[in-house]
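Presented below is the structure to which this report refers.
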Amino acid sequence: MTDNEFGRAFTTMIILLIVMTFGLAFLGNLMARDVDDKLDAEREVSIQQVVADRIAPAGEITIGEAPALAVAAVEDVVLPGDEVYNSSCAACHGAGVAGAPKVGDAAGWTDRIAQGIETLYANAINGFQGSAGIMPAKGGNASLSDGSVQAAVDYMLEQSQ
């Protein structure tokens, strides 16, 4: 083999190797795109699942028969009026927030007392929205029994007359 023949063979081999390298790189790139598309689809599903888990309700309400002990326990517990006032009512009735009559302000309670004690109880238990302001049901503490709310109303009236 002469030097010219060797040079041509060597150059041909180098060109062939370069073409094969570019060809393999091209095929690898095509395959990588396909894999990236599949990974993106999996990531999207994963992100959707994370979002769905994050915004899912923390609990559920079951309408139907509740365990008798749980219902009886909440309804039977009547806390002292001053305790209920200090834990749930004082935030609004202590400062007159949202139109709430202040405890100790007899003039603020006069119109409400004139409506009758049953109306005061009903508004405190069920909530009320009037021209003077709003009263959330059970002062915003749904765990209170009706009797506890009535005791708190009685306590506030005693302190305001």
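Could you tell me the distance between the Cα centroids of region 122-139 and region 28-65, to the nearest Å?
Their Cα centres are 43 Å away from one another.
Rounded to whole Hz and in sequence order, give me ³J(HN,Hα) for region 102-112 from the Karplus expression 6.51 cos²θ - 1.76 cosθ + 1.60, θ = phi - 60°, writing x for Gly and Pro.
6, 5, x, 9, 4, 5, x, 9, 3, 5, 5
Provide the per-residue ³J(HN,Hα) series for region 8-25, in order, calculated from phi with Karplus coefficients 6.51, -1.76, 1.60 and θ = phi - 60°, each as a whole number of Hz, with x at glycine and proline positions.
Calculated HN-Hα couplings, in order: 5, 5, 5, 4, 4, 5, 5, 4, 4, 5, 5, 4, 5, 4, 5, x, 5, 5 Hz.
Mind putting together the pair-distance distribution for the chain? All Cα pairs, 10 Å bins, whole percent per bin, short to long.
9, 22, 14, 10, 8, 7, 6, 6, 6, 6, 5, 2, 0
Against the longest principal axis of the chain, how steep is helix 146-159, in degrees 0 to 90 to the nearest 10, with axes from Cα atoms?
Helix 146-159 sits roughly 60 degrees off the main axis of the chain.
In what sequence, highest mean first, do 140-147, 152-159 appear when ranked by Cβ atoms within 10 angstrom?
Per-residue mean Cβ counts within 10 Å order the peptides as 152-159, 140-147.
Readers should treat all values here as calculations from the given coordinates under stated rules, not as data from a laboratory. Please read all numbers here as calculations on a predicted model, not as lab measurements. No Cβ is skipped: glycine too gets one built from the backbone with ideal geometry, and neighbour counts run over all protein chains shown.
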